[in-house]
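A.B. asks: Before anything else, here's the structure in question.
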Amino acid sequence: MVAVRADTASPDARAASPDARAAFPDARAAFPDARAVFFAAAPAYRTTANALPVEAAMPGTPAVDLSVRIGSLTLRTPVMPASGCFGPELGALIPVTELGATVTKTVFGSARGGNPVHRLTEIPAGMVNSVGIPSHGPAGYLASLHPRYAALDVPTIISVGGHRPSEYAPVVAALGENGAAFELNVSCPNLDRDGTDIGSDPAAIREVVAAVRLVTVKPIIVKLPVLVASIADCARAAEEAGADAVCVANSIPAMPLDALTRRPILGNVIGGLSGPSIKPIVLRLVWLASRAVQIPVIACGGVQTVDDALDYFSVGASAVQVGTASFARPFAAVEVARGLRQRCQDAGVGSIRELLELEVS
Amino acid sequence: MVAVRADTASPDARAASPDARAAFPDARAAFPDARAVFFAAAPAYRTTANALPVEAAMPGTPAVDLSVRIGSLTLRTPVMPASGCFGPELGALIPVTELGATVTKTVFGSARGGNPVHRLTEIPAGMVNSVGIPSHGPAGYLASLHPRYAALDVPTIISVGGHRPSEYAPVVAALGENGAAFELNVSCPNLDRDGTDIGSDPAAIREVVAAVRLVTVKPIIVKLPVLVASIADCARAAEEAGADAVCVANSIPAMPLDALTRRPILGNVIGGLSGPSIKPIVLRLVWLASRAVQIPVIACGGVQTVDDALDYFSVGASAVQVGTASFARPFAAVEVARGLRQRCQDAGVGSIRELLELEVS
Amino acid sequence: MSADASLASEGAPSPGLLRQAQHGVDELDRREAYRQSREAAARARAFAEADAEALDGLVSVRPRQTVPRPQPVWDDAEVLVHEPVGERYRRLVVASSTIAHTALAGQFLMITVPPHAGDTILLPRPMAIHRRRPATADRPGTVEMIYGVVGRGTRALAAVPVGGTLQITGPLGRGFEFDSGTRSALLIGRGVGICGVMGAAEDARTTGIRTTMVLSGRSAEQLLGRADCAELGVRIIEATDDDGSSDLLTLQNSLRARFDGATPERTAPDVIMVCGAGVLARLAAELGAHWGVPVQASLEAHMACGLGYCHGCAGPVRTDPSVEGPLVCADGPVFDARIPVV
Amino acid sequence: MSADASLASEGAPSPGLLRQAQHGVDELDRREAYRQSREAAARARAFAEADAEALDGLVSVRPRQTVPRPQPVWDDAEVLVHEPVGERYRRLVVASSTIAHTALAGQFLMITVPPHAGDTILLPRPMAIHRRRPATADRPGTVEMIYGVVGRGTRALAAVPVGGTLQITGPLGRGFEFDSGTRSALLIGRGVGICGVMGAAEDARTTGIRTTMVLSGRSAEQLLGRADCAELGVRIIEATDDDGSSDLLTLQNSLRARFDGATPERTAPDVIMVCGAGVLARLAAELGAHWGVPVQASLEAHMACGLGYCHGCAGPVRTDPSVEGPLVCADGPVFDARIPVV
Ligand SMILES: Cc1cc2nc3c(=O)[nH]c(=O)nc-3n(C[C@H](O)[C@H](O)[C@H](O)COP(=O)(O)OP(=O)(O)OC[C@H]3O[C@@H](n4cnc5c(N)ncnc54)[C@H](O)[C@@H]3O)c2cc1C
Ligand SMILES: Cc1cc2nc3c(=O)[nH]c(=O)nc-3n(C[C@H](O)[C@H](O)[C@H](O)COP(=O)(O)OP(=O)(O)OC[C@H]3O[C@@H](n4cnc5c(N)ncnc54)[C@H](O)[C@@H]3O)c2cc1C
Ligand SMILES: Cc1cc2nc3c(=O)[nH]c(=O)nc-3n(C[C@H](O)[C@H](O)[C@H](O)COP(=O)(O)O)c2cc1C
Ligand SMILES: Cc1cc2nc3c(=O)[nH]c(=O)nc-3n(C[C@H](O)[C@H](O)[C@H](O)COP(=O)(O)O)c2cc1C
Ligand code: FES
Ligand code: FES
């Protein structure tokens, strides 16, 4: 069930490092590490009528059903990684099957090399990254990365980007039958419009989604930026054009300076701020978006704990993504998923909605 | 020079608490407190040809000139309080004359009562306020507040707000000859347009500024919000319509929840996040705005120290405003102003531009 | 100060604890922690609602002060004493001759919390001046505060060592005032609210006003102010949750009985001063209405400036929507409390 | 690891100190503090630029590994030793039998820094595995790190007590590798970069490779690794800024002279392995070109995941703009270093 291959980004290295168990066949057995203990603590599932695994209920307590629908796709649990903050490498480090889905790093139409160093840093306000979304294009993604995502045994949501509204649909078309859903990362500068984010312009969002809708029947999620005049307008544009969900939101553009030299720390000068300090800002956006549209809102921004997730659910989110928190605690998303289930069990309720009703009563 | 009246917001209380020295004539003399020491540490000024006071230079070092022009107005030093974070009450607590200007709380056309409690809180990400800008209208401001600002002996910049683009010019007209400049707070929901901020819409900014330009010859500063699709477009709209400066930026809308009850902490549900954690976000906006316009950019967001101010100057700001920092350290803005002068002296240069050239060389 | 709200939140495990509990601890413990946290949340909500309801229409700005208000200053004050008081509170004594000299009963300070190991607290925290001790020939004037550690700010404050300095701004606000001719007073404090009224007890002692103070709190062991009352010659009535004597109805009945006018010792007080909870302010107003005496109640609000310019501390006074209500920091924290005529 | 860059920033007062200096301290001190901070900034910039220039075109991904890479794990590792080493470093020994058992020379860990008094560190910090000590019958396997306290993360890390646990992820990256048949090696480390190459010295000891290590640093007192080298039978060459022996040209000349082939003891090494600064990697590459032997250099980069998925740690390898260059965490940190043919 658990892949223990050591994966790296370089095909060379990957080829050269096959199953580590062969090299150290006794390592895990001889020295159980905390990771092994964490895997072993997986909750027991049973399968319900609709074939979704559900926590085996304690006698007298209702079965907990955390499943959430994004268009035609049903996720077992409403917790998934944020784009760019997960890779198949984690398959050996955490029980990925306890997540609702995986989300890939954004795939662009053409190959991109990424930004100059430094590509990321940490400042008191949070993490700032300007990785620049290196991409091998859809063909490269399908050849090298997708099989490794597919092997993880949870739905793969493929994140898709573009430099102009017209670039998204061709990528989705090229990805064909692969992936369970598409997340359209519209926090990308629109080269047709002075570099303003596509996602800050409801008309451009409409254009992107409508075009993608024509080339796929799979669920479409639109991931919106923070710096927009009206998140409600942006979310409505996505919904009206046929999106199945919106993800709110991406990281917040920021410009970290070196305290000593006063120079930009990042090679790209500007990067995206992420982590817990953006949560109060994103909470408001999720609240507003949830009131504006009927489709599910997936919250993304500073989720570290089950309480952060519940905060987002309480303002209307249907699912959460965990980004920055995974770097320090690779198991953070799994812990949130387990925690949601446990809270429901502890409260003796069968769903998050019931849990929240109980909390506010 | 220093007013020592104890002022409060209530006319009753104000009337009832005249000069405190009368009640405790010996208090300050008998027990010199830290405030008294701070007043005494004011730098010595001398007056230059253009009648601006300039630090008396040490022999062999150039005189430091920190003055900055905002349209026709010249400020002695590029440091001022942020709107809503200063009141004439501070006249007795800090040497206000060491600031470049004072900035009033936003004045609206009609009287407003302010938001329900709680109106402010502090969360790990920073301060969040939803005071709601209680206002007595221009007449009320002129009657009760303006005389106290005018008595402070530095230029008063009057902040003006409105609920639709058409509401600004009448307020400025009603303020007449009072104040040295106007700061147009366009981070206000536009009731003509679904409640989206006026300042997030370049066309609305243009409309506001053009109308105000017709009723005053005094300098106009446009204070922009953070959540805009393109700060460059917004700053350019202000410049093109005749503004003399832009102030970047207001606080960032956020939604703090109580950790225990998961309910909104603020009576208004949403408030503005301010303080040091917004600085990396605002730095980027100041950088972009400075590259977009020729008029001065006044930076506002998380300035606590002289280094924060210099960070903003290094990305193109011409002046800074100090908001949240003043609550914990009422003297914060004066300290920044003193610190700028000292840094120049320490580096043996006569201006902030020279200081920064020295730093990056 | 809403002692009750803080009691409510202090009784439960922090979200942090809860999070820890979730991982590795046995399931029943976890359920218990969850249950406790939900109860604490329900309690916090209930108290907040009861408080708001109790205060609805109750308070108004007092007519002009008879004493001019001292000019606030800010000072870098040396920490002379900083020690636990019982399990839940801390006593903080700082040196500031100016403030000790000028502060009036019921005024408060804003305490700037210094950065603590990477955590920066932005807003100063309002704290009542529990005791004022003016300078003498051989020592500076001091002010004493007692506070509960309830959140990030008070946690960081609690880390400030004796010998360090704290930046304080004050004295602030309109405090308690005795009309001339006042001969007797009933003071009511609950939890840290006892500190809010102690200044009035100091003044009463100076002017020879006969004073009784209700010390209300969870348990007899945790009650603040006993030693202060003894020093100030104040008669104490203890009211605790443990034995039910703090129950609003019980307390009201016992106070009515005690001041029933049967003997000179039992005449109704000339004034009632109260601090610590909205429901207590209402109780005091009901007693005041019953005895026909004025009531002054000290309230709390979230504050940023403490000086009257940030407009953050709206008081619970309903006004015309276009008119701003009173500010707790400038028009209070002490207000007149009167049962609204319905 | 750019020891130089950290040296540069460590030598100067922090902005905090500077700020303090500004208030209350005498003017000349303030000027001196300002001067020092500007010098430190200039030094930091100069080092960063020299490093980037030295690495330009120098490194490439090594051909496939001969040894399969161990599967990284995360572990909650007990802190067994956490103590100062000299004035500027800390030694950290943690128990993790899995990692101690599997780690290869030159691999690294990501250390998750626990929250410290309200300050939360988001990203784990990469640290070289200085020493690996596999489990024995009576004690768990351990890994040792030595690190400099340079910023927020390492400051918070330094507060973790012995007996606490640290979450670590590893072993990570491609380390140093000896080709079969290697008989002698020259290792070069500077500052904490000495920890980057010490694993190679451990392997050399096991396989009987004759090893010399250059220990470079500011001053003789501050040099790391002397005791480790003694234990591992590694010959030491000290190179310090104090006596000028660490100067790049001086060091190059003295190494050339020492390995000039005049005696069997003085034959050129079969391989050079280097860690600690871009300029040293270039020096090593120049020596390698001169002697005709391969050079392996360990580099650093800001990292978030350490596993190859965040793409944050681009290596200094120029590629076609549409092709992503190698990642330091997955394709390195150890790269081949070769003087580019111009
Ligand atoms: C006039 C006045 C006098 C006071 N005197 C005392 C006293 O003598 N002893 C004592 O223990 N407490 C007193 N309080 C309450 C005290 O100010 C709060 O307990 C404290 O601010 C909580 O800060 P925190 O960071 O620990 O809590 P957090 O909940 O983390 O604070 C978050 C924010 O809310 C504000 N806040 C939270 N609770 C309160 C509250 N009850 N009142 C006002 N603001 C609050 C904080 O100031 C901060 O801005 C007084 C309050 C007022 C207004
Ligand atoms: C593979 C590898 C091995 C390392 N081994 C060691 C070692 O054995 N001993 C040692 O003292 N240091 C080592 N370092 C450097 C160490 O990781 C940094 O000193 C540390 O991350 C600084 O963190 P900070 O929070 O104290 O500094 P800050 O400057 O506050 O950090 C801000 C951000 O920049 C990153 N950063 C800053 N400096 C560096 C750096 N030099 N390298 C990588 N990231 C940096 C931090 O990780 C953080 O994300 C190694 C680095 C790498 C990449
Ligand atoms: C290193 C890094 C890389 C990211 N890459 C992408 C990306 O490729 N596409 C995308 O839509 N978002 C990307 N993001 C943004 C995250 O998906 C997420 O929206 C953001 O980090 C906020 O969530 P968090 O606070 O939980 O991290 C990236 C974030 C980080 C930190
Ligand atoms: C209590 C409070 C009241 C404010 N009132 C106003 C206001 O009336 N008008 C306005 O333009 N900005 C107002 N602001 C925003 C500040 O002027 C400033 O833009 C913001 O706080 C960011 O700066 P800072 O991080 O230095 O506080 C207010 C901010 C605070 C904290
Ligand atoms: S706290 Fe600022 S007005 Fe009362
Ligand atoms: S650190 Fe994430 S890819 Fe290297």
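The values are calculated or read from the model by the stated rules, or taken from the named source; none is laboratory data. As the structure is a computational prediction, the values presented were derived from the model and not from experiment. Quick reminder, even Gly has a Cβ in these numbers, built from the backbone with ideal geometry, and neighbours come from all protein chains shown. For the accessible areas, the whole protein counts, side chains as well, though only heavy atoms, and no ligand, DNA or RNA atoms are used. Shrake-Rupley method; radii C 1.70, N 1.55, O 1.52, S 1.80 Å.
A.B. asks: At a probe of 1.4 Å, how much accessible area disappears from chains C and D on forming the pair, both sides counted, to the nearest 100 Å²?
C.D. replies: Counting protein atoms only, the buried area is about 300 Å².
A.B. asks: Charges on Cβ only, +1 for Lys and Arg, -1 for Asp and Glu, centred on the Cα centroid of chain B; of B:V320, B:V297, B:P165, which one is farthest towards the dipole's positive end?
C.D. replies: In chain B, that residue is B:P165.
A.B. asks: For C:E238, place a label point 7 Å from Cα along the Cα-to-Cβ direction in every copy; what are the distances to the other copies, in nm, shortest first?
C.D. replies: 7.1
A.B. asks: So what are the three principal axis dimensions of chain B from its Cα atoms, in whole Å, longest to shortest?
C.D. replies: 60, 54, 47
A.B. asks: Another question, if that's okay. Pick from A:L175, A:L214, A:L288: which residue has the top mean-square fluctuation in a GNM of chain A where Cα pairs under 10 Å get a spring?
C.D. replies: Judging by the Gaussian network model, the answer is A:L214.
A.B. asks: Continuing with the same structure: Across all directions of projection, what mean area in square nanometres is found for the Cα convex hull of chain D?
C.D. replies: Quarter of the Cα hull surface area: 19.4 nm².
A.B. asks: Additional query: May I ask for the Kirkwood hydrodynamic radius of the protein assembly as shown, worked out over all distinct Cα pairs and given in angstroms to one decimal?
C.D. replies: With all distinct Cα pairs of the protein assembly as shown included, I get 34.0 Å.
A.B. asks: Further question on the same structure: Of all accessible surface on the protein assembly as shown at a 1.4 Å probe, what whole percent is carbon and sulfur?
C.D. replies: C and S fraction of accessible area: 54 percent.
A.B. asks: Here's something else I'd like to know. List the residues of the range A:196-221 for which accessible area in the full set of protein chains is at least 10 Å² lower than for the chain on its own; 1.4 Å probe, protein heavy atoms only.
C.D. replies: Hits at the 10 Å² cut-off: A:T196, A:S200.
A.B. asks: Among DSSP beta bridges lying fully in chain C, give the percent that are antiparallel, nearest 5.
C.D. replies: 60
A.B. asks: Measuring label to label, 7 Å along Cα→Cβ, what does B:D194 give against each other copy in nm, shortest first?
C.D. replies: In ascending order, 2.1 nm.
A.B. asks: Shielding by partners for A:326-338, please: the mean number of other protein chain Cβ atoms within 10 Å of each residue's Cβ.
C.D. replies: 4
A.B. asks: Given A:K105/A:K279; A:K279/B:K105; A:K223/B:K218; A:K223/B:K279, which pairs have Cα atoms separated by over 32 Å?
C.D. replies: A:K223/B:K218
A.B. asks: Also, quick follow-up: What's the ranking of C:112-119, A:158-165 by average number of surrounding C-beta atoms within 10 Å, highest first?
C.D. replies: Order by mean packing, descending: A:158-165, C:112-119.
A.B. asks: Distances in nm, one decimal, shortest first, from B:L358 to the same residue in every other copy, taking the label point 7 angstrom along Cα→Cβ.
C.D. replies: 6.5
A.B. asks: Pull up all non-local amide H partners of A:V107: gap of 5 or more, or a different chain, and H-to-H distance under 5 Å with H placed in the peptide plane.
C.D. replies: A:S159, A:V160, A:G161
A.B. asks: Then there is this: How well do other chains shield peptide D:107-118, expressed as the mean number of their Cβ atoms within 10 Å of each residue Cβ?
C.D. replies: If you average over the peptide's residues, the count of other-chain Cβ atoms is 3.
A.B. asks: How large is the accessible surface per residue of chain C, computed with a 1.4 Å probe and reported in Å² as a whole number?
C.D. replies: Counting only protein heavy atoms, the per-residue value for chain C is 38 Å².
A.B. asks: If you don't mind, there's one more thing I want to ask. So how do A:85-91, A:113-119, A:134-140 stack up, highest first, on mean other-Cβ count within 10 Å?
C.D. replies: Result, highest mean Cβ count within 10 Å first: A:85-91, A:113-119, A:134-140.
A.B. asks: Starting at the first residue of the range D:138-147, write each ³J(HN,Hα) from the Karplus equation 6.51 cos²θ - 1.76 cosθ + 1.60 with θ = phi - 60°, in whole Hz, x for Gly and Pro.
C.D. replies: Ordered by residue, 3J(HN,Hα) equals 10, 8, x, x, 10, 10, 10, 10, 10, 9 Hz.
A.B. asks: Another question about this same structure. Sequence-distant or interchain residues sharing an amide H contact under 5 Å with C:I188, placed H: which?
C.D. replies: Sorted by chain and number, the residues that satisfy this are C:V214, C:M273, C:V274, C:C275.
A.B. asks: Label the range C:122-175 by shape, choosing from rounded, prolate and oblate, from the square roots a ≥ b ≥ c of the eigenvalues of the Cα gyration tensor; if a/c is under 1.5 it is rounded, and otherwise prolate applies when a/b is larger than b/c, oblate when it is not.
C.D. replies: Oblate is the answer for the range C:122-175, as a/c is 1.5 or above yet b/c matches or exceeds a/b.
A.B. asks: Only bridges with both residues in chain B count here: give the DSSP antiparallel percent, nearest 5.
C.D. replies: Rounded to the nearest five, the antiparallel share is 45 percent.
A.B. asks: To confirm my reading of the symmetry, which residue of chain D has the Cβ nearest the axis that brings D onto C, and what whole-Å distance does it have?
C.D. replies: Residue of D nearest the axis onto C, distance in Å: D:A117, 2.
A.B. asks: Roughly what % of DSSP beta bridges within the protein assembly as shown run antiparallel, to the nearest 5?
C.D. replies: In the protein assembly as shown, DSSP labels about 55 percent of beta bridges as antiparallel.
A.B. asks: Okay, moving on. With a ≥ b ≥ c the root eigenvalues of the C-alpha gyration tensor of the range B:214-361, is it rounded (a/c under 1.5), prolate (a/b larger than b/c) or oblate?
C.D. replies: oblate
A.B. asks: At 7 Å along the Cα-to-beta-carbon direction for both C:S180 and C:A262, put a label point, then send me their distance in nm to one decimal.
C.D. replies: A separation of 3.7 nm, rounded to one decimal place.
A.B. asks: Next question. Where only protein heavy atoms count, and the probe is 1.4 Å, what is the accessible area per residue for the range A:68-357 in Å²?
C.D. replies: Heavy-atom accessible area per residue stands at 27 Å².
A.B. asks: Per residue in the range C:130-150, which ones lose no less than 10 Å² of accessible surface when going from chain alone to all protein chains (1.4 Å probe)?
C.D. replies: Listed in order, they are C:A135.
A.B. asks: How big is the B/C interface in buried accessible area, both sides summed, 1.4 Å probe, to the nearest 100 Å²?
C.D. replies: The contact between C and B buries close to 5000 Å².
A.B. asks: Follow-up question, since we're still on this one. Find the all-direction average of the projected area of the Cα convex hull for the range C:157-247, expressing the result in square nanometres with one decimal place.
C.D. replies: Result: a mean projected hull area of 7.8 nm².
A.B. asks: Another question, then. With θ set to phi - 60°, apply the Karplus curve 6.51 cos²θ - 1.76 cosθ + 1.60 along the range A:101-113 and write out the HN-Hα couplings as whole Hz, x wherever there is a Gly or Pro.
C.D. replies: Result, rounded to whole Hz: 6, 10, 10, 7, 5, 4, 9, 9, x, 10, 5, 10, x.
A.B. asks: On to the next question. Just the number, please: buried accessible area between A and B, total of both chains, 1.4 angstrom probe, nearest 100 square angstrom.
C.D. replies: 3100
A.B. asks: Still on this structure, I have one more. Please compute the contact order of chain B in relative form: average sequence separation of alpha-carbon pairs under 8 Å and at least six residues apart, divided by the residue count, as a percent.
C.D. replies: The normalised contact order for chain B reaches 17 percent.
A.B. asks: Give the distance, in whole Å, between the Cα centre of the range D:140-163 and the Cα centre of the range A:200-217.
C.D. replies: 49
A.B. asks: Calculate the dipole size of the protein assembly as shown relative to its Cα centre from +1 charges on Lys and Arg beta carbons and -1 charges on Asp and Glu beta carbons; express the result in debye to the nearest 20.
C.D. replies: With Lys and Arg at +1 and Asp and Glu at -1, about 340 debye.
A.B. asks: Follow-up. Quantify how strongly other chains surround peptide D:313-323 by giving the mean number of their Cβ atoms within 10 Å of each of its Cβ atoms.
C.D. replies: Mean number of neighbouring Cβ atoms from other chains: 4.
A.B. asks: Residues of the range A:82-114 that become at least 50 Å² less accessible with every protein chain present than in their own chain isolated, using 1.4 Å: which are they?
C.D. replies: A:E89, A:L93, A:G113
A.B. asks: Here's a follow-up. Using the Karplus curve 6.51 cos²θ - 1.76 cosθ + 1.60 with θ = phi - 60°, what ³J(HN,Hα) values do you get for each residue of the range D:70-87, in whole Hz, with x for Gly and Pro?
C.D. replies: Per-residue couplings from phi come out as x, 6, x, 10, 10, 9, 9, 9, 6, 7, 9, 9, 8, 9, x, 10, x, 7 Hz.
A.B. asks: When ranked by the protection proxy of mean other Cβ atoms within 10 Å per residue, highest first, what sequence do the peptides A:276-285, D:207-216 form?
C.D. replies: Averaged packing, sorted descending, gives the order A:276-285, D:207-216.
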